[in-house]
1. Mind putting together the pair-distance distribution for the range 5-46? All Cα pairs, 5 Å bins, whole percent per bin, short to long.
2. Could you sort out which of 60/135; 74/135; 39/77; 32/109 sit more than 32 Å apart by Cα distance in this structure?
3. How large is the dipole of the range 47-137 about the Cα centre if only Lys and Arg carry +1 and Asp and Glu carry -1, each at its Cβ, rounded to the nearest 20 debye?
4. Could you tell me which of 69, 92, 122 has its Cα farthest along the dipole of the range 53-139 towards the positive end, charges placed at Cβ (Lys, Arg +1; Asp, Glu -1), taken about the Cα centre?
Amino acid sequence: MAKTLTEMAAEIVAAQASHAVMASDDMVGALKKTFEALKNIKTIEEGGPEAEAPPIDPKKSIQRNYIINLEDGKKYKQLTARTLAKFGLSPAEYRKKWGFSPRQPLAAKSLSAKRRKTAKALGLGEKLQLARKAKAAAKAAAKPKPAKKKAKAAPKKKKKAARKKKKA
């Protein structure tokens, strides 16, 4: 009869405990981690729903109605920073890792199109241009003008030289 995952995990942790001093809390933690690892391995072997998905071309991961997270293979409408944080990535790091442009939205194409349409209807592009021009003008007006250089007084060396000539 085949051993259960729990029995295998217990044997592994018992072998580990025989070689190193472990507190009871450490044993419980090690048992849980070992059990989860064995469970994941079994799922992958059996080709279950949590099995690793075959690699997808990153460019094909962004579809009309969903985007496939290349880290876990799940479908989303949008990949948020919170979702990517589960994998220890920021959106910028995700884009860099998978070869996306820094400006590529991590959202389904239909969602991006809807946002684009709304932005155009509200005139956000024109408002942004006006705001940028106003900011540049304010920055130029606030810049201090360089002070004009004052004319230098005649050097004192000549006066000293003239005094020496008189004494001689």
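1. 5, 27, 28, 20, 11, 5, 3, 0
2. 60/135; 74/135; 32/109
3. 760
4. Ranked along the dipole, the leading option is 122.
Bear in mind that the values in this text are calculations on the coordinates, not laboratory data. Values in this document were obtained by computation on a predicted structure and should not be read as measured data. Positions of Cβ are backbone-derived with ideal geometry, glycine not excepted, and every protein chain shown enters the neighbour counts.
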